[in-house]
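Let me begin by presenting the structure, written as structure tokens, before commenting on it.
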Amino acid sequence: ALVDARPADLAGLHVVVSAGGTREPVDPVRYLGNRSSGRQGVALARAALARGARVTLVAANLAVPPPGGVDVVTVGTAAQLRDAVRTAAKDADVVVMAAAVADFRPVSPADAKIKKREGAAAPTIELVETVDVLAELARDRVRPGQVVVGFAAETGDAHGSVLEHGRAKALRKGADLLAVNAVGDGLGFGTEDNEVTILDAAGRPVASARGSKDDVAHALWDAVRALV
Ligand code: CTP
Ligand code: CA
């Protein structure tokens, strides 16, 4: 259809997109997870494909099917996602971290299912921080000229607005672009619509988009296109 017609302005580029949410095992039947559906990451992969890119999708527990025509690497945990992204990034022109990656994982998942015991205290689960994949990619720069992009879901709170939090995160992460996603008010996780402001490495807004996750995806690729 005409509305889907896009210039093949990403032709010749290999892009890696991580999508979904990681799950960190607590015991053989339980995990610490998050509500990410993977819709935004899948929309990014679909949009890049439509614009002519070769696409590797690192898929963590997607609630939606991946688009046909992309190379899918399926992962479960943050550690698996890190390995898959680093491997794919070696020959990637662009890496977009749209996945919701666990910040903490249980130090030592139980080998057997944790049982209730009459009169016994509730268990305590000791956590350890995971590696920040985005910050690591931005720091190590395994491939010269590679564009590294992050996503950040933020809410305004007593400490600052959505954009203030986003700006601080952009400066902390060192990515070339950070798409700041306003969540709450019927926006974000699990919803159809989305609103983002795209910040550069210095935290300055370079673009914004509100609409479907496909609209947001194309706005993001427009901003990437200006850098590659
Ligand atoms: N991210 C990552 N590895 C992690 C955690 C996050 O690569 N272990 C990436 C996400 O994929 C996203 C970006 O970092 O692209 C921002 O994630 P976010 O959770 O908003 O930022 P954090 O630095 O984890 O800060 P916080 O959750 O405390 O707000
Ligand atoms: Ca986080």
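The values are calculated or read from the model by the stated rules, or taken from the named source; none is laboratory data. Worth saying up front: this structure is predicted, and the values here are computed from it rather than measured. Glycine also receives a Cβ, built like all others from the backbone with ideal geometry; neighbour counts cover every protein chain displayed. We work out accessible area using only protein heavy atoms, side chains counted, and drop any ligands, DNA or RNA first. Shrake-Rupley method; radii C 1.70, N 1.55, O 1.52, S 1.80 Å.
Please build a GNM for the chain, connecting alpha carbons under 10 Å apart, and tell me which residue among N34, N181, N194 fluctuates the most.
Among N34, N181, N194, the largest GNM mean-square fluctuation belongs to N34.
As a quick test, which of the pairs K113/K169; K115/K173; K90/K169; K173/K213; K116/K173 have an alpha carbon distance above 30 angstrom in this structure? Please list the in-between numbers first.
Numbers: K113/K169 38 Å; K115/K173 40 Å; K90/K169 25 Å; K173/K213 23 Å; K116/K173 41 Å.
Long pairs (Cα-Cα over 30 Å): K113/K169; K115/K173; K116/K173.
Where the accessible area of the chain is counted over protein heavy atoms with a 1.4 Å probe, how much of it, in %, is carbon and sulfur?
Details: 5960 of 11740 Å².
Ligands and nucleic acids excluded, carbon and sulfur give 51 percent.
Tell me, what is the 1.4 Å probe accessible area of E126, in Å² to the nearest 10?
The accessible area comes out at roughly 130 Å².
Averaged across orientations, what area in nm² does the convex hull of the alpha carbons in the chain project?
Numbers: hull surface 56.9 nm².
Computing the convex hull of the Cα atoms and averaging its projections yields 14.2 nm².
Report the Cα-based extents of the stretch 13-148 along its three principal axes, largest first, to the nearest Å.
Principal-axis extents of the stretch 13-148 (Cα, largest first): 61, 31, 19 Å.
Could you list which residues have their amide H under 5 Å from that of T130, counting only those 5 or more apart in sequence or on another chain, with H placed in the peptide plane?
Amide H neighbours of T130: F104, R105.
What are the ³J(HN,Hα) values, in whole Hz, obtained from phi via the Karplus relation 6.51 cos²θ - 1.76 cosθ + 1.60 with θ = phi - 60°, for each residue of the stretch 149-156 in sequence order, with x given for Gly and Pro?
Karplus-based 3J(HN,Hα) across the stretch 149-156 equals 10, x, 10, 9, 8, 10, 10, x Hz.
Take the Cβ-Cβ distance between H159 and L127 as r, set R0 to 22 Å, and report the resulting FRET efficiency rounded to the nearest 0.05.
Numbers: r = 23 Å, r/R0 = 1.04.
Result of the calculation: an efficiency of 0.45.
When ligands, DNA and RNA are left out and all protein chains stay put, how many square angstrom of accessible area per residue does the stretch 104-146 have with a 1.4 Å probe?
On the way: 3460 Å² over 43 residues.
I get 80 Å² per residue for the stretch 104-146.
Please report, in Å, the Rg and the Dmax of the stretch 109-197, where both are computed over Cα atoms only.
19.0, 60
Given Cβ point charges of +1 (Lys, Arg) and -1 (Asp, Glu) and nothing else, what value in debye, to the nearest 20, does the dipole of the chain about its Cα centre take? Please list the in-between numbers first.
On the way: 27 positive and 28 negative charges, 79 e Å.
Using Cβ point charges on Lys, Arg, Asp and Glu, the chain gives about 380 debye.
Starting from 0.36 nm per residue, how many nanometres of slack lie between V64 and V183 once their C-alpha separation is accounted for?
Going from the current span to full extension adds 40.9 nm.
Kindly write out, for the stretch 91-97 in residue order, the coupling ³J(HN,Hα) from the Karplus curve 6.51 cos²θ - 1.76 cosθ + 1.60 (θ = phi - 60°), rounded to whole Hz, with x marking Gly and Pro.
Couplings: 10, 9, 7, 9, 10, 10, 8 Hz.
Please give the FRET efficiency for A11 paired with R139, using the beta carbon to beta carbon distance and R0 = 25 Å, rounded to the nearest 0.05.
Working: r = 29 Å, r/R0 = 1.18.
Computed FRET efficiency for A11 and R139 comes out at 0.25.
Name the residues of the stretch 123-149 whose amide N is less than 18 Å from a point 7 angstrom out from the Cα of F104 along the C-beta direction?
Counting backbone N atoms under 18 Å from the label point, the list is 123-133.
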